[in-house]
Amino acid sequence: MKKRLLIMNAISMILLSGCSGDGKVTDSDLALLKTTHPPAVLIDKNTKENLDLVQSIEYDVEKMKELYDVAVVKSNGDTLVAYKVKHLQRFHMKKIEKKMTKMLEEKYPDENFIVSSDYKIFIEAVELQEKMKDPKFTDKEAKKKLDKIIKLKNEMT
Amino acid sequence: MSNKANKTPEQMKYEKLEQKHELKRPVLKNCIRAFWVGGLICTVGQAVTYFYIYFFNFTEQTAGNPTVATMIFISMLLTGFGVYDRLGQFAGAGSAVPVTGFGNAVISAAIEHRTEGFVLGVGGNMFKLAGSVILFGVFSAFVVALIKTLLTIWGVI
Amino acid sequence: MLKGKQSWVFQNLPVIASAGVSGGPFEANGNLSEDFDVLHDDLWMGEDSYEKAHRVLMEEAGQTALNKANVQKEDVQFYIAGDLINQITPSSLSARTIQIPYFGVFGACSTSMEGLALASFIVNYHGADHVLTGASSHNAAVEKQFRYPTEYGGQKPPTAQWTVTGAGAALVSAKADGPNLPVTTSATIGKVIDMGLTDPFNMGGAMAPAAADTITAHFKDMQLDPSHYDLIVTGDLGRIGQETTYELLQNNGLKIDREKFKDCGLMIYKEDQPVQSGGSGAGCSAAVLYGHLLNQMKQGAYRRILVVATGALLSPLTFQQSESIPCIAHAVSIEMT
């Protein structure tokens, strides 16, 4: 019995410490569990116009009552909108996606939107947004990361 | 041949007498157990899905495949250790309906017939229970896909 | 000597000179573990397949019976055995080992009494001095043949029964030294009864009418009253089958004391063992009769018993083809002289 207890302890220790490996828990680590409300991210010419645009997109999307968390990333080509749907609304995922795409395309006809409700895309978007805070993280790297996310999104089973 | 349809009056009379003594399946108890154990297995499955989303490059869409593989692997281990049949007796449909039940059906038949050799024993009998699941699964998938294709061609959906 | 319609009376009183019983790990944890001569703590029994382990069980039971009676196998004229596996191979292979002229018999779980009745008959009419008879079953081997794989997680209904891993063998002799030996006095051979039940997970319910029919026929042929016996014991009817049989017998006008009506399948395991409705299998009645019951008789607990072994004569093929389950029962009465 004692041996079993010891093993249990060891396992739980490993599990617990695994969660806080580098001592610093970032939002992207917890993006699955809590509402993060990441600010919109711009990988583009840093004009006032563009900034307003992403913020307005984020605001518009967040207005939808079926969602509870939104991450927006805009580069010069594409705009990624990742969102989390309220649990009971997950039955209507397809409908929500359609509605959102329609709304966005009508309002911002010049933008090319990539819309995803996937947790993974959301996590990656939050991670990207966190990395952008680091001044050493160049725009080129950011663009590369965004392309990777988009590629991941289009991947099917 | 005496089928259910043409029983003699004597047989009917006996059936009534026997029914009186027959122990009934505890349906409600079985349902509750199946609900809990089935739910527990699915929770483990969900945890595995999140594991793949977090630590590997899988989205919600693509994490399904490795999750199924992992769950089947776990159920095969449990079958080999002789735990799964006890779980099955306790939980009934709760452990038979999830994909782990499929893994159990395959590996239990394989274990059972290993004394008859690898080719005719394991190879020949491995799918004796799961074979019909595969056959009718594939066939019904084919029929549904056919219907959907036809409906799409005719412009119904 | 034929008496009545379907019963034999053994007026020369063949003696059950000795008996041997072997069992598996599940039986070792059961109610009657003390009455087993050989107990294995592993289902494999050192063999590389369950069928071979099955054969070992039968061989051990037979050999133990011979050793106990101090009879050489060359002195035994016939060997009558059977089991539940395809073409009764474990019994036939044990006959290959033991090298005694052999009758292979099949009566599903009634094989034990079929064998004992035939052995007694042969000995009674001087067909042999010694006949070895036995029956066996092995849980994993039988389940493999009749049901799902053992490790398959299917739910068994409460009517299901657990196949006994065990074998029992008895040496029936024309005469034997030593007092205090049980003799067989009569036997009733049953006819196949089919009441149209099709559920292979409810064998007890299917076999009950056959048991009731044979018991009724026995008392009619022998012109006896049930109170003649200290104990009437059925083979492997289980909880449901036994209750049903009891009611059928009462309907037939036989007044049997409920206390004196037992079932081997219910005696062999403890209450808390997960066997649903009780034990079953050809080895069940053989192991309980040749082990526990004969010991009890020798200790004086019973003077006269009637053993009724019941068998469900189905195969995996017939029930998949939705054929109903035909059943049979044979009765042998054993008395202390």
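The values are calculated or read from the model by the stated rules, or taken from the named source; none is laboratory data. Everything numeric here is computed off the predicted structure, so don't read it as measured data. All Cβ positions, even for glycine, are placed from backbone atoms using ideal geometry, and neighbour counts span all protein chains on display. Ligands, DNA and RNA are excluded from the accessible area calculation, which covers all protein heavy atoms including side chains. Shrake-Rupley method; radii C 1.70, N 1.55, O 1.52, S 1.80 Å.
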With the 1.4 Å probe rolled over protein heavy atoms, the range B:25-126 has an accessible area per residue in Å² of 54
Given C:VAL56, C:ILE256, C:LEU266, which one lies farthest toward the positive end of the charge dipole of chain C, if we put +1 on the Cβ of every Lys and Arg and -1 on the Cβ of every Asp and Glu? C:ILE256
Among C:ALA217, C:GLY279, C:HIS228, the residue whose Cα sits farthest towards the positive end of the charge dipole of the range C:182-336 (+1 at Cβ of Lys and Arg, -1 at Cβ of Asp and Glu, taken about the Cα centre) is C:HIS228
So if I place +1 on the C-beta of Lys and Arg and -1 on the C-beta of Asp and Glu, and nothing else carries charge, what would the dipole magnitude of the protein assembly as shown be about its Cα centre? I want it in debye, nearest 20. 1360
Give the carbon-plus-sulfur fraction of the accessible surface of chain C in %, rounded to a whole number; probe 1.4 Å, heavy atoms of protein chains only. 49
Summed side-chain charge close to C:ASP257 - residues other than C:ASP257 whose Cβ falls under 13 Å, Lys, Arg +1, Asp, Glu -1: +1
Sorted by chain and number, the residues with a modelled amide H under 5 Å from that of A:ASP69, at a separation of 5 or more or across chains, are A:LYS84
Mean accessible area per residue over chain C (1.4 angstrom probe, all protein chains present, square angstrom) is 35
Rounded to the nearest 20 debye, dipole of the range C:58-182 from Cβ charges on Lys, Arg, Asp, Glu: 240
Picking from C:SER322, C:GLY24, C:SER186, whose Cα lies most toward the positive end of the charge dipole for chain C (charges on Cβ: Lys, Arg +1; Asp, Glu -1)? C:SER186
Quick note, the range A:24-154: a/c under 1.5 would make it rounded; otherwise a/b > b/c is prolate and the rest oblate (a ≥ b ≥ c, C-alpha gyration tensor); here it is oblate
Note, C:ASP129: beta-carbon cut-off 14 Å, +1 each Lys/Arg, -1 each Asp/Glu, net -1
Mean separation of Cα contacts under 8 Å (6+ apart) over length of the range C:184-337, as relative contact order %: 38
For the range C:264-272, in residue order, the Karplus 3J(HN,Hα) values (coefficients 6.51, -1.76, 1.60; θ = phi - 60°; whole Hz; Gly and Pro = x) are 4, x, 8, 7, 6, 10, 7, 4, 8
If Lys and Arg each add +1 and Asp and Glu each add -1, what is the summed charge of the other residues whose beta carbon sits under 10 Å from the beta carbon of B:ALA110? 0
Residue-by-residue Karplus 3J(HN,Hα) for the range C:309-318, coefficients 6.51, -1.76, 1.60, Hz, glycine and proline x: 8, 10, x, 9, 8, 10, 10, x, 5, 5
Excluding residues fewer than 8 places away in the same chain, name every one of the aspartates and glutamates whose C-alpha is closer than 14 Å to that of C:LYS175. C:ASP75, C:ASP129
Can you tell me the order of C:221-229, B:24-32, A:66-74, B:149-157 when each peptide is scored by its average per-residue count of other Cβ atoms within 10 angstrom, highest first? A:66-74, C:221-229, B:24-32, B:149-157
Please compare each pair in A:LYS65/A:LYS102; A:LYS86/A:LYS151; A:LYS153/B:LYS148; A:LYS65/A:LYS133; B:LYS24/C:LYS260 to a cut-off of 19 Å on the Cα-Cα distance and tell me which ones are over it. A:LYS86/A:LYS151; A:LYS153/B:LYS148; A:LYS65/A:LYS133; B:LYS24/C:LYS260
When the accessible area of the range B:25-126 is computed with all protein chains present and a 1.4 Å probe, what percentage of it is carbon and sulfur? 75
Expected output for the range A:118-141, residues with a loss of 10 Å² or more in accessible area relative to the chain alone at probe 1.4 Å, reads A:ASP118, A:TYR119, A:LYS120, A:ILE123
Expected output for the range B:7-22, residues with a loss of 50 Å² or more in accessible area relative to the chain alone at probe 1.4 Å, reads B:GLN11, B:TYR14, B:LEU17, B:GLU18, B:HIS21
Give me the lysines in straight-line cross-link reach of B:LYS128: C-alpha distance below 16 Å, same-chain residues under 8 apart excluded. C:LYS144
Accessible-area order (highest first, 1.4 angstrom probe) of the listed residues C:ASP75, A:ASP60: C:ASP75, A:ASP60
Occluded residues from the range B:102-123, i.e. those whose accessible area drops by 50 Å² or more once the chain is not alone (1.4 Å probe): B:GLU112, B:THR115
Solvent-accessible area buried by pairing B with A, both sides, nearest 100 square angstrom, 1.4 angstrom probe: 1200
Residues with amide H under 5 Å from that of A:ILE114, placed H, sequence gap 5 or more: A:THR79, A:LEU80, A:VAL81
To the nearest hundred square angstrom, how large is the accessible surface buried between B and C, total for both chains, probe 1.4 angstrom? 3200
If amide H atoms are modeled at 1.01 Å from N in the peptide plane, then the residues at a separation of 5 or more from C:SER18, or on another chain, having amide H under 5 Å from its own are C:LEU171
Between the range C:12-90 and the range A:93-140, what's the alpha-carbon centroid distance in Å? 75
Tell me which lysines have Cα within less than 24 Å of C:LYS5's Cα, excluding those fewer than 8 residues away on the same chain? C:LYS191, C:LYS220, C:LYS255
